[in-house]
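S.K.: First, the structure itself, so that you have it in front of you.
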Amino acid sequence: MLYAERDPFIRRFPSMIADIGEVFSAQKDGSPPTILAGGRAPGESGVSVVSLRYKGGAHFSACLRQHLIAFVSKTRIKCRLAGRALYHKAHEGSLAICPAGLDISADTDQDLNALLVAVRPDKFALAAAEEGTFEAELSSRLCGHDQTLLDLAGVLARESKEGYPRGTLFWNETAGQFVDILAARYAMGTRAKPNGLLTADILNRLKEFVFEHLDEPLDVARLAKMTNRSQFHFSRAFTRSVGVSPHRYVVHLRLRRAVEMVRDRKFGLAEIAVRTGFADQSHLTRWVQRVHGVSPTQVMARP
């Protein structure tokens, strides 16, 4: 008999990961699991991580607002995901992928270590769009294995536990790698939309246009004109397909180029701001700090 069937008492998770959804969990004696590591670095990676240890048994249930990728130690476990159930012997590092918007639960009557990574859906959708998959959804699975994702999750957990010894930027870039690989391997969506607004070809043309005109005003009207659609219909379809608004996508591309130029060290920050379409050096600095969690000077210092 599993823990949840013996004792319905469940504890709410700490606020550090509460943003992933309504999450409840407990070990065999009804107390919360031990948190070995957890958190997220400053910035907008859209990723948070927590490492947990359960004694004697475990119950975990959640209604997810964010995607949840779970890695567990070797155990007998019963999992439920949106009406699907699986009772199996999980191997060490066994993977479960739980998309946002679904109800999930897992129960075991054994000791358990769990490593959980939460990913914001908009960050996942943007990464999938960069791979050519639009209106992306995360493919769910109750068991599996992905050593690359497991290794990256382990790095994030260790860095969080040790206070980010390799720096905030390293953590955010590792989190970005995790999301990119997750999207490349597990995104479901539409790759060709002959009667729709966006295809990979359209997005590539928009991206090339933005890169060629970074130092110019790039409003929605100008981008919508390239697709022969009204601003309203363009903005709605773009956001649905790519996961972010056209304005935020332009900022995403401006910032990508700006960071590349900062690392090249060929131009000063004021000139980089002008060349990439930011109002001034201060405007560029605020965006770098907001997204990457560090100043442009710290970006420049990282090899």
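S.K.: Along the Cα→Cβ direction, 7 angstrom out, place labels at ALA279 and ARG84. What is the inter-label distance in nm?
M.R.: Roughly 4.8 nm, to one decimal.
S.K.: Could you name the lysines in cross-link range of LYS225, using Cα to Cα under 21 Å and dropping any fewer than eight places away on the same chain?
M.R.: Result set, ordered by chain and number: LYS193, LYS207.
S.K.: While we're on this one: Helix 231-242 sits at what angle to the longest principal axis of the chain, using alpha carbons and giving 0 to 90 degrees rounded to 10?
M.R.: 40
S.K.: Mind pulling the angle between the C-alpha long axis of helix 246-264 and the longest principal axis of the chain? Nearest 10 degrees, somewhere in 0 to 90.
M.R.: Result, in degrees: 80.
S.K.: Which whole number of Å³ per residue matches the convex hull of the alpha-carbon atoms in the range 56-135?
M.R.: 96
S.K.: Ok, one more. At q = 0.18, 0.19 Å⁻¹, what log₁₀ I(q)/I(0) does the range 102-218 have when each alpha carbon counts as one equal point scatterer in the Debye sum?
M.R.: Ignoring solvent entirely, the Cα scatterers give -1.07, -1.12.
S.K.: Within the set LYS55/LYS89; LYS89/LYS123; LYS28/LYS161; LYS123/LYS266, which residue pairs have Cα atoms separated by over 21 Å?
M.R.: Pairs exceeding 21 Å: LYS89/LYS123; LYS28/LYS161; LYS123/LYS266.
S.K.: Using the charge dipole of the chain (Lys, Arg: +1 at Cβ; Asp, Glu: -1 at Cβ; taken about the Cα centre), state which of PRO42, TRP171, SER241 has its Cα farthest towards the positive end.
M.R.: Selected residue: SER241.
S.K.: Rounded to the nearest 10 Å², what accessible area does VAL291 show when all protein chains are kept and the probe is 1.4 Å?
M.R.: Rounded to the nearest 10, the figure is 30 Å².
S.K.: Place a +1 charge on the Cβ of each Lys and Arg in the range 242-303 and a -1 charge on the Cβ of each Asp and Glu, then give the dipole magnitude about the Cα centre in debye, rounded to the nearest 20.
M.R.: 140
S.K.: Each label point is 7 Å from the Cα along the Cα-to-Cβ direction; what then is the distance between the points at ALA221 and SER31, in nm?
M.R.: 6.4
S.K.: Name the residues whose placed amide hydrogens come within less than 5 Å of the amide hydrogen of GLY38, ignoring near sequence neighbours (fewer than 5 apart) on the same chain.
M.R.: Long-range HN contacts for GLY38: SER51, LYS161.
S.K.: Once you put a point 7 Å from the Cα of PHE170 and another 7 Å from the Cα of ARG236, both along the Cβ direction, what distance in nm separates them?
M.R.: 4.7
S.K.: While we're here: More than 14 Å apart: what percent of Cα pairs in the range 89-155 qualify?
M.R.: 67
S.K.: Counting Lys +1, Arg +1, Asp -1, Glu -1, what net charge surrounds SER140 among other residues with beta carbon under 15 Å of its beta carbon?
M.R.: For residues surrounding SER140, the net value is +1.
The values are calculated or read from the model by the stated rules, or taken from the named source; none is laboratory data. Fair warning: this is a prediction, and the values are worked out from it, not measured in the lab. For neighbour counting, all protein chains shown are included, and Cβ atoms are generated from backbone atoms with ideal geometry for every residue, glycine included. Heavy atoms of the whole protein, side chains included, go into the accessibility calculation; ligands, DNA and RNA do not. Shrake-Rupley method; radii C 1.70, N 1.55, O 1.52, S 1.80 Å.
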